[in-house]
1. Please give the length that would be gained between GLN1 and THR57 if that part of the chain were fully extended, namely 0.36 nm times their separation in residues minus their C-alpha to C-alpha distance (nm, one decimal).
2. With every protein chain present, what is the per residue accessible area of the chain (1.4 Å probe, Å²)?
3. Just to check I understand the Karplus step: with θ = phi - 60° and J = 6.51 cos²θ - 1.76 cosθ + 1.60, what whole-Hz values come out for region 89-101, glycine and proline as x?
4. Of the accessible area of the chain, with the probe set at 1.4 angstrom, what percent is carbon plus sulfur?
5. Residue-wise, which Karplus ³J(HN,Hα) couplings in Hz belong to region 68-79, taking 6.51 cos²θ - 1.76 cosθ + 1.60, θ = phi - 60°, and x for glycine or proline?
6. Would you kindly compute the Cα radius of gyration of region 50-98 and its largest Cα-Cα separation (Dmax), both in Å?
7. Which cross-chain or sequence-distant (5 or more) residues have an amide H under 5 Å from the amide H of VAL48, H modelled 1.01 Å from N in plane?
8. Largest first, how would ARG45, ARG66 line up by accessible area (1.4 Å probe)?
Amino acid sequence: QVQLVESGGGLVQPGGSLRLSCAATGTLFSTASMGWYRQAPGKQRELVAGITSRGFTNYADSVRGRFTISRDNAKKTVYLQLNSLKPEDTAVYYCNQNPPSLGYWGQGTQVTVSS
């Protein structure tokens, strides 16, 4: 059984940075494509960044050049570095497989960008 636990969110001023972590349990992590998703109030959940098992990455246009996804297969952890944050980045951030598996959604971690 796979469990994903996100951490690292918080309150940050515009232009600031955060690093999110997603720790995974289970045996399939190293072979799975993973993604970071976010859901802002009143909006649908969206994929912001994805990474394959070999480390190939893709980003939503809204975050490309500001966010960086990475993974450490030995630690079964996926990271999301958020730089140059904007108020519109405010959302709950989740990790999951890419494409996502319904049963793997965790609690997420709140990112709030505000002055």
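The values are calculated or read from the model by the stated rules, or taken from the named source; none is laboratory data. What you see is a predicted model; the values in this text were computed from it and never measured. For neighbour counting, all protein chains shown are included, and Cβ atoms are generated from backbone atoms with ideal geometry for every residue, glycine included. Accessible surface is based on the protein model in full, side chains and every heavy atom, while ligands, DNA and RNA are left aside. Shrake-Rupley method; radii C 1.70, N 1.55, O 1.52, S 1.80 Å.
1. On the way: separation 56, 0.36 × 56 = 20.16 nm, distance 2.54 nm.
Contour length minus the Cα-Cα distance gives 17.6 nm.
2. 54 Å²
3. The phi angles translate into 7, 4, 4, 8, 9, 10, 10, 6, 5, 10, x, x, 9 Hz.
4. Numbers: 3030 of 6230 Å².
About 49 percent, which is the carbon plus sulfur part of the accessible surface.
5. 9, 9, 8, 8, 10, 5, 5, 9, 6, 9, 10, 10
6. 11.4, 34
7. TRP36, TYR37, ARG38
8. So, going from the largest accessible area down, we get ARG45, ARG66.
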